[in-house]
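A.B. asks: Okay, here's the structure, questions in a sec.
The values are calculated or read from the model by the stated rules, or taken from the named source; none is laboratory data. No experiment lies behind these values; they were computed from the predicted model shown. Don't worry about glycine lacking a Cβ; one is built from the backbone with ideal geometry, like all the others, and counts go over all protein chains shown. Only protein heavy atoms, including side chains, enter the accessible area calculation; ligands, DNA and RNA are left aside. Shrake-Rupley method; radii C 1.70, N 1.55, O 1.52, S 1.80 Å.
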Amino acid sequence: MLNKTQSPSAKTLAVQCMDAEHHMHPFTNTGALNKKGARVITHGEGVYLWDSEGNKIIDGMAGLWCVNLGYNCQELVDAAHQQMQQLPFYNTFFQTTHAPAAELAKEIASVTPGDLNHIFFANSGSEAIDTIIRMVRQYWCIKGKPYKNILISRENAYHGSTVGGASLGGMSGMHKQGAPLLPGIERIRQPYWYGEAGDMSEEEFGIACAKALEDKILAVGPENVAAFIGEPLQGAGGVIVPPANYWQEIQKICNKYDVLIAADEVICGFGRTGNWFGSQTFGIQPDIISMAKGLSSGYLPIAAVAVGNRIAHAFIEHNEDFNHGFTYSGHPVAAATALATIRLMKSRKLVEYVADDIGPYFQAKLRETLADHPLVGHIEGVGLVAGMALVKDKASKTLFPSDMDIGLICRDHCFNNGLIMRAVGSRMVLSPPLVINRSEVDEICDKARLCLDLTLKSVK
Ligand code: PMP
């Protein structure tokens, strides 16, 4: 159990007070947080974090799906430090470059699937998504089809929080705020088999969900559809793994109607699913992909879009500026850190470790430890990412009333018992650092079991 001191230490309180007075947090009810005081994280090591009250917490979420190499990777610190001394900043706008950006572009191209060999840099997943929106629309303009500008995404998809990302995503809570949204976006159902398939088999449901794309393309007119975008598996939507045939069907439909495929690899990229990219795990041949998070193991903000030859060559041959970019596109310190990240992943064979060793172990251990728990309706996942549905009744898949916030009850028990497991509605999700070992996986699973027991007690 965590230290349950009567009141936080003076040091903790000092940070909490400054925070409450001046810091507005993302995706947070600031009023409620200010009354409670934010948890203060002080340092980390491997897969563990410590808070300002001295509590040790195992991080089942790799920060925010990103700290793949763990919290004390000296090689990344050294790479950033050296680059900071050599050249802390220069832009890549006006016909200039520097070695870290060029080398990183080459290194990313060495691990991307297919011919995604051309790299555009951004600083966040959301910026990468905005880049995709503008780039695919401009691609069709170059091709003489400016009307082919509609993007199709999915309900419960997460594609970031800029106006572009929020509009493209399928999070209804985000659509309500800051409207109106970007025009030219359509959505189809998500491939959430456990929650939405009724009596359909996984295969039937995979076909039905892909058919929804074909129906939408036909309703809008294929000549108007620029691209379909999807996360290989939905992360922030609760870790939803599509049926095995889903992406193959999607691919066929996109090929048939000449609709580009954009894969949002912000979570799936860099080993999470046991391949460098989720597209490889799910057999997708995307025309363009976004990546962020694991690209630098979260040590510095950097994101990228990998562009296939079809799109990149059109831009190159068209001989016109792409009027898009960010001051920090290809920032040398972030790029040097990302370069070190990829090189370390290669030398430590981390992707292979996820595919052949720790990923299968994690998936098996989770099921072995948690599947029979009365609250656990279903567990799904691949590699080192998993989601589980919490239910009131397993047989009928009945959910708890949403105002009960079962996920938040469970998440709070986890935190109070030294485990970070994220709640997404009534789903609990895990995505630990890729460097996690077997005994740490065991610790996560055992703590999760304990916290599910406590959650059950709380709701009874
Ligand atoms: N796309 C996906 C699939 C994501 O999961 C996220 C972030 N969780 C984003 C885009 C946005 O990334 P960022 O928060 O870095 O803007």
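A.B. asks: So Asn319 fits all but one of (1) open to solvent by 70 Å² or more (accessible area, probe 1.4 Å); (2) at pLDDT 95 or above; (3) at positive phi; what number is the exception?
C.D. replies: (2) is the only condition that Asn319 fails.
A.B. asks: Which pairs do you get when a residue that is at negative phi, found in the range 156-170, comes within reach of a residue that is of a type in the set (Phe, Trp, Tyr) and within 11 Å of the ligand (Cβ to nearest atom), reach meaning Cβ atoms under 7 angstrom, with the pair 6+ apart or on two chains?
C.D. replies: Gly169/Tyr158
A.B. asks: Can you tell me which condition Leu300 does not meet? The list is (1) within 16 Å of the ligand (Cβ to nearest atom); (2) of a type in the set (A, V, I, L, M); (3) surrounded by fewer than 24 Cβ atoms within 10 Å (Cβ to Cβ); (4) in a helix (DSSP H, G or I), and all the others hold.
C.D. replies: (4)
A.B. asks: Among residues belonging to the range 45-71 that are open to solvent by 20 Å² or more (accessible area, probe 1.4 Å) and not in a loop (DSSP other than H, G, I, E, B), point out the one that is nearest to the ligand (Cβ to nearest atom).
C.D. replies: Step by step, filter the range 45-71, then rank; the result is Leu64.
A.B. asks: Then there's this: Out of the residues in the range 267-290 meeting the condition of being within 13 Å of the ligand (Cβ to nearest atom) and closer than 17 Å to Arg134 by Cβ, tell me which one is farthest from the chain's Cα centre (by Cα).
C.D. replies: In this case the residue turns out to be Ile289.
A.B. asks: With the requirement that a residue be within 16 Å of the ligand (Cβ to nearest atom) and part of a loop (DSSP other than H, G, I, E, B), what does the range 149-176 give you?
C.D. replies: Glu155, Asn156, Ala157, Tyr158, His159, Gly160, Ser161, Thr162, Gly169, Gly170, Met171
A.B. asks: List pairs: first residue in the range 184-198 and farther than 20 Å from Asn224 by Cα, second residue among the aromatic types (Phe, Trp, Tyr) anywhere in the structure, Cβ distance under 6 angstrom, at least six positions apart or on different chains.
C.D. replies: Pairs found: Pro191/Tyr246; Trp193/Phe205; Ala197/Phe205.
Residue by residue, here is whether (1) part of a strand (DSSP E or B); (2) free of Cβ contacts under 8 Å to residues at least 40 places away in the same chain; (3) open to solvent by 10 Å² or more (accessible area, probe 1.4 Å) holds:
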| position | (1), (2), (3) |
| --- | --- |
| Pro243 | no, no, no |
| Gln251 | no, yes, yes |
| Asn255 | no, yes, yes |
| Ile261 | yes, yes, no |
| Val266 | no, no, yes |
| Phe270 | no, no, no |
